[in-house]
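**Q** I'd like to ask some things about the structure below.
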Amino acid sequence: MVTDEIFVSEVLLNRIKKLHRHFGNTPLHHFSRMVPQKGVMLFAKKEWQQMGGSVKTRAAYYIFRSAIEFGWLNEHKTLLDATSGNTGISYAALGKELGIPVTLCLPENASSERKEILKALGAEIIYTSRFEGTDGAQQVARELAEQYPDKYFYADQYKNDNNWKAHYHTTAVEIYHAIPGITHFVAGLGTSGTFVGTGRRLKEYNPNIKLISLQPDSAMHALEGWKHMETAMVPAIYDDVLADETAEVSTEEAFETLVAIYQQEGLLVSPSSAANIAGAIRIANSLKSGIVVTVMPDNSDKYSDIISRLF
Ligand code: PMP
C-alpha cells in the first residue's frame with residue numbers, strides 16, 4: 001500500500017509475522033533448593049531461551065512489528081536506537097532476518113562480547129561516552145534521528161509503548177497461564193518495559209498479586225541493564241505508581257547470589273538475573289505461603305569478565 005507519506009511493505013509484514021514463533025514462550029525454573037521452605041515457591045523465566053538470547057527480543061519484536069505495520073519502517077529506512085547491548089542484539093538479529101539495516105548507539109565500555117555479537121549480526125555501531133552510559137547513548141541517537149529523519153526510524157525503546165506492551169501481551173500471559181496461583185511478581189527496572197507491561201496485565205488478572213520493583217542501591221553499580229532511577233534519565237514508559245513495593249539490590253548481593261544460583265540450582269546467569277533472584281528470595285523469605293515469580297533476562301554468556309572474577 002502506498003500513501004502520500006508512508007509506505008507499508010507487505011513483504012516485510014509477512015516476514016515479521018513469520019518470526020513470531022521465535023520469541024517468548026520461555027520455560028520456568030523452580031528454585032526448589034534456594035527456597036526450600038514449605039508453602040513458598042519461587043519460579044523464574046529463562047529469558048535467554050529465545051531468539052537473540054535475552055528478554056529484550058520481546059520488546060524488539062513488538063517495536064519492529066508496529067513500525068512496519070504503520071509504515072514508519074520499510075526497506076528504505078534504517079532502525080536506530082540507543083542500547084546497552086541486549087536490545088541491540090535483538091534488533092540486529094531481527095533486522096538481519098527482515099533485511100532492515102540497524103544502527104545502534106552504544107556506550108563504548110559495553111562488553112567485548114556484545115560488540116562482537118553486534119558486528120557479527122551486521123549492525124552499525126556508533127560508540128558513545130563511557131561516562132554517560134545509556135543516557136548519553138540516547139542523547140546521540142536522538143540527535144541523529146533529528147538530523148536525518150528520512151534515513152532513520154528512531155525506535156526509542158525508553159519511550160515506545162510497544163516495549164511494555166510486548167510484556168503485557170506475552171510475558172504476563174505466559175506467567176499467569178503457567179502459574180495462576182502467583183502471589184508476587186518481582187523485576188528490576190531498566191527501560192522498565194518488563195516490570196510495567198507484565199505488572200499491569202497481572203494486576204488485571206488478579207488485583208491481589210503484589211508487584212515489587214527492584215533497583216540498584218546506588219548510581220555506581222555493575223548490574224548491566226538496570227537503572228538507578230533517582231540519578232538516571234527516567235524512561236517515559238515508566239509508571240511510578242504501579243509497584244506495591246520497591247526494593248534495592250547491591251552489586252555485591254547480586255554477585256553472591258549469582259555464585260549461589262550456580263552452586264545450588266546449576267544455572268549460570270547474568271548479574272541482573274541474579275539480582276532479580278536476590279530480590280525475589282528476600283520476598284519469598286518474608287512469606288508464610290505464596291508463589292513468587294520473576295524473570296532471568298539473560299544468561300552469563302556475555303559477561304565473561306565478571307564470571308572469571310567470581311569463580
Ligand atoms: N537485565 C538486562 C540484562 C537487560 O538487558 C535489561 C534491559 N535493559 C534489563 C535487565 C531490564 O529490562 P527492562 O528494560 O525491560 O526494564
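The values are calculated or read from the model by the stated rules, or taken from the named source; none is laboratory data. Everything numeric in this text was worked out from a predicted model, so none of it was measured. Methodologically, a virtual Cβ is constructed for each residue, glycine included, from the backbone with ideal geometry; neighbour enumeration extends over all protein chains shown. Only protein heavy atoms, including side chains, enter the accessible area calculation; ligands, DNA and RNA are left aside. Shrake-Rupley method; radii C 1.70, N 1.55, O 1.52, S 1.80 Å.
**Q** Top mean-square fluctuation among VAL186, VAL55, VAL249, Gaussian network model of the chain, C-alpha springs under 10 Å?
**A** Per the Cα network of the chain with a 10 Å cutoff, VAL249 tops the list.
**Q** For the range 56-154, what does the relative contact order come out to in percent, with C-alpha contacts under 8 Å and a separation of six or more? Before the final figure, lay out the partial values.
**A** Working: 158 pairs, mean separation 30.3, N = 99.
Relative CO of the range 56-154 lands at 31 percent.
**Q** Net charge within 12 Å of GLY279 by Cβ-Cβ distance, Lys/Arg positive one each and Asp/Glu negative one each, not counting GLY279 itself?
**A** Numbers: positive: ARG282; negative: ASP217, GLU245, GLU248, GLU253.
Summing Lys and Arg as +1 and Asp and Glu as -1 gives -3.
**Q** Something else about it: Whole-Hz ³J(HN,Hα) for each residue in the range 212-218, computed from phi via Karplus 6.51 cos²θ - 1.76 cosθ + 1.60 with θ = phi - 60°, x for glycine and proline: what do you get?
**A** My calculation for the range 212-218 gives 10, 9, 10, 9, x, 7, 7 Hz in order.
**Q** Ok, one more. Past the 24 angstrom mark, what percentage of all C-alpha to C-alpha distances in the range 56-154 do you count? Could the numbers behind the result be given before it?
**A** Details: 677 of 4851 pairs.
Beyond 24 Å sits 14 percent of the P(r) for the range 56-154.
**Q** Taking the Cβ of ALA222 as the centre, find all other residues whose Cβ is under 11 Å away and add up their charges (Lys, Arg: +1; Asp, Glu: -1).
**A** Details: positive: ARG309; negative: GLU224, GLU252, ASP305.
Summing Lys/Arg as +1 and Asp/Glu as -1 gives -2.
**Q** Could I ask something else about it? Any idea what the dipole of the range 116-210 comes to, in debye rounded to 20, about its Cα centre with Lys/Arg Cβ at +1 and Asp/Glu Cβ at -1? Present the calculation step by step, with values, prior to reporting the outcome.
**A** Values: 10 positive and 11 negative charges, 88 e Å.
My answer is approximately 420 debye.
**Q** In the chain, what percent of the accessible surface is made up of carbon and sulfur (1.4 Å probe, ligands and nucleic acids excluded)?
**A** Within the chain, the accessible surface is 50 percent carbon and sulfur.
**Q** Charges at C-beta only: +1 for Lys and Arg, -1 for Asp and Glu. How large is the resulting dipole of the chain about its Cα centre, in Debye rounded to 20? It would help to have the intermediate numbers written out before the result.
**A** Numbers: 30 positive and 36 negative charges, 225 e Å.
The calculation lands at about 1080 debye.
**Q** If you don't mind, there's one more thing I want to ask. Per the Kirkwood definition applied to all pairs of different Cα atoms, how many angstroms is the hydrodynamic radius of the range 1-104? Don't jump to the answer; show the numbers that get you there.
**A** Numbers: mean 1/r = 0.0654 Å⁻¹.
In the range 1-104 this quantity evaluates to 15.3 Å.
**Q** Determine one quarter of the surface area of the Cα convex hull of the chain, which equals its mean projected area, and express it in nm² to one decimal. If you can, show how the numbers build up before the last one.
**A** Working: hull surface 61.3 nm².
Approximately 15.3 nm², given one-decimal rounding.
**Q** On to the next question. State the answer as a single residue: which of PHE70, GLY188, ALA110 lies farthest towards the positive end of the charge dipole of the range 47-193, with beta carbon charges of +1 for Lys and Arg and -1 for Asp and Glu, about the Cα centre.
**A** GLY188
**Q** What whole-number value in Å² describes the accessible area per residue of the chain for a 1.4 Å probe?
**A** Working: 13350 Å² over 311 residues.
I get 43 Å² per residue for the chain.
**Q** Count charges around LEU144 for me, please; just the other residues with Cβ under 15 Å from its Cβ, Lys/Arg as +1, Asp/Glu as -1.
**A** Numbers: positive: LYS77, ARG142, LYS151; negative: ASP81, GLU124, GLU143, GLU146, ASP150, ASP156.
Its environment carries a net charge of -3.
**Q** Output the relative contact order of the chain, whole-number percent, from Cα pairs under 8 angstrom with separation of 6+ residues. Don't jump to the answer; show the numbers that get you there.
**A** Values: 628 pairs, mean separation 62.1, N = 311.
After rounding, I find 20 percent.
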